[in-house]
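The values are calculated or read from the model by the stated rules, or taken from the named source; none is laboratory data. If you're wondering where the values come from, they're calculated on a predicted model, not measured in any experiment. Glycine gets a Cβ as well: all are built from the backbone with ideal geometry, and neighbour counts include every protein chain shown. When the accessible area is computed, the model is the full protein with side chains, heavy atoms only, and any ligands, DNA or RNA have been set aside. Shrake-Rupley method; radii C 1.70, N 1.55, O 1.52, S 1.80 Å.
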Amino acid sequence: MPSRLSDAFRAHPQQQLKHPDFTSLHELPDSYAWNQRDDPSPETFATESVPLVDFNDSNALQVIGHACKTWGIFQVTNHGISTSLLDMVEHTCRSLFSLPVHQKLKAARSPDGVSGYGFARISSFFSKLMWSEGFTIVGPPDEHFCQLWPQDFSYHCDVIKEYKEEMKKLAGRLMWLMLGSLGIIAKEDIKWAGPKADFKEASAALQLNYYPACPDPDRAMGLAPHTDSTLLTILYQNSTSGLQVFKEGAGWVAVPPVPGGLVINVGDLMHILSNGSYQSVLHRAMVNRSHHRLSSAYLYGPPSTVEISPHPKLVGPTHPPLYRPVTWNEYLHTKAKHINKALSSVRVCVPLNGLGDVNEQNNSVTVG
Ligand SMILES: C=C1C[C@]23C[C@H]1CC[C@H]2[C@@]12CCC[C@@](C)(C(=O)O1)[C@H]2[C@@H]3C(=O)O
Ligand SMILES: O=C(O)CCC(=O)C(=O)O
Ligand SMILES: [Fe+2]
């Protein structure tokens, strides 16, 4: 088993598909036309909205706990990440995706690699193509950025490095808030958090997403329904809406951009760690006729060789562990093979209520 996140997909090389120049397309090619009837549920008119948490609010811990249990996602404001840094990241994304196709392809993700330009990893599970471009960054961005911007790559590298550092600190704070709500409060409760309890050894990937304006948005799909394999994900979206989450009983619910806000979602590893108390959330990105959309997802997890299992504080005679221990690398391997079955494949015990995992039921793989 490879020990670094960047080696996670060595055993599952992915054929690299080539994007067209989106700006030259005035009609949706058939290969991009999704049959919406295969969606997990018909679009409903949602009356509920994703919880919004103010970090300065004294209730933040309770609101976060409740949001993780009932939604698996929430938005935060007053999170301490400056607007100017978010603006700089947005500018770097814009500059990257507006480079000519041949230039972006110089930094194409290699078939067995994790970093670089290309389609999202999950695209190989779907028969239709997604109306988006992605750039994945694991480790320092220098090598790829040097290929993209031979002149001013160091500016963009600095932006991304600072962003990753700030995201790491915020993710550590979020970890203690999310775990705190479950009664996991002592430093010793999570050994891999390290002596300063700052999760210094955590691993992460940064996924930059670009969704060009689309001539036929109702039939296109920006990013297909998926859960993140992470502990948690911090998503920044620009002012164009598009993110939707699936909520049992409500259907697909839009997550509208909140000025200065960040979206936090529960990933599969947190689902496991919380022994199913916190649900990893199924989400997707839709596209827009007149506006392009940018997002950046900070995908946060444990050091890649640390085993994550239901926390001992959450298991007992009446609460058996529902999942076996798994490292992030092993989990990514499993997910690369069976996108929607990864969580159930590490399950050891059927929950008392007999319900399956949300992503197992809803993640339709055959489309079009
Ligand atoms: C560390 C990660 C997490 C990855 C794989 C690898 C690098 C890129 C991440 C994403 C980003 C886009 C959605 C996703 C589903 C995808 O296709 O690539 C994510 C996936 C996961 O969360 O499983
Ligand atoms: O663009 C979005 O809103 C969603 C992105 C996402 O889900 C991801 O990168 O994992
Ligand atoms: Fe995601």
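Some observations on this one:
- Failed criterion for residue 182 (all others in (1) surrounded by fewer than 22 Cβ atoms within 10 Å (Cβ to Cβ); (2) under 12 Å from the mean Cα position of the chain (by Cα); (3) of a type in the set (A, V, I, L, M, F, W, C) hold): (2)
- Flag if residue 290 is touching a Lys or Arg at 6+ places or on another chain (Cβ under 7 Å) and open to solvent by 10 Å² or more (accessible area, probe 1.4 Å): no
- Take the conditions (1) within 21 Å of the chain's Cα centre (by Cα); (2) modelled with pLDDT under 95; residue 319 misses just one of them, which is (1).
- Count - residues of the stretch 60-79 that are more than 14 Å from residue 263 (Cα to Cα) and either loosely packed, with under 15 Cβ neighbours inside 10 Å or of a type in the set (Asp, Glu) (or both): 1
- Per-region count, the stretch 125-172, residues within 16 Å of ligand 3 (Cβ to nearest atom) and either of a type outside the set (Phe, Trp, Tyr) or more than 19 Å from residue 98 (Cα to Cα) (or both): 11
- Conditions (1) more than 20 Å from residue 301 (Cα to Cα); (2) touching a Phe, Trp or Tyr at 6+ places or on another chain (Cβ under 8 Å); (3) without any contact (Cβ under 8 Å) to a residue 24 or more places away in the chain: number failed by residue 212: (3)
- Residue 31 more than 28 Å from residue 304 (Cβ to Cβ), open to solvent by 20 Å² or more (accessible area, probe 1.4 Å) and either in contact with a His (Cβ under 7 Å, 6 or more places away or on another chain) or at pLDDT below 95 (or both): yes
- Number of the condition not met by residue 284 [criteria: (1) within 16 Å of the chain's Cα centre (by Cα); (2) crowded, with 21+ Cβ neighbours inside 10 Å; (3) within 12 Å of ligand 1 (Cβ to nearest atom)]: (2)
- Residue pairs whose Cβ atoms lie under 7 Å apart, separated by 6 or more positions or on different chains, with the first residue in the stretch 317-331 and farther than 16 Å from residue 280 by Cβ and the second part of a strand (DSSP E or B), are 325/307; 325/308; 327/307.
- Residue 327 being more than 16 Å from ligand 3 (Cβ to nearest atom) and open to solvent by less than 40 Å² (accessible area, probe 1.4 Å): yes
- Hits in the stretch 236-276 (condition: charged (D, E, K, R) and within 16 Å of ligand 3 (Cβ to nearest atom)): 247, 268
- Residue among 197, 193 that alone is in contact with a helix residue (DSSP H, G or I) (Cβ under 7 Å, 6 or more places away or on another chain) and over 24 Å from residue 139 (Cβ atoms): 197
- Only one of the numbered conditions (1) in a helix (DSSP H, G or I); (2) in contact (Cβ under 8 Å) with a residue 40 or more places away in the chain is violated by residue 81, and that is (1).
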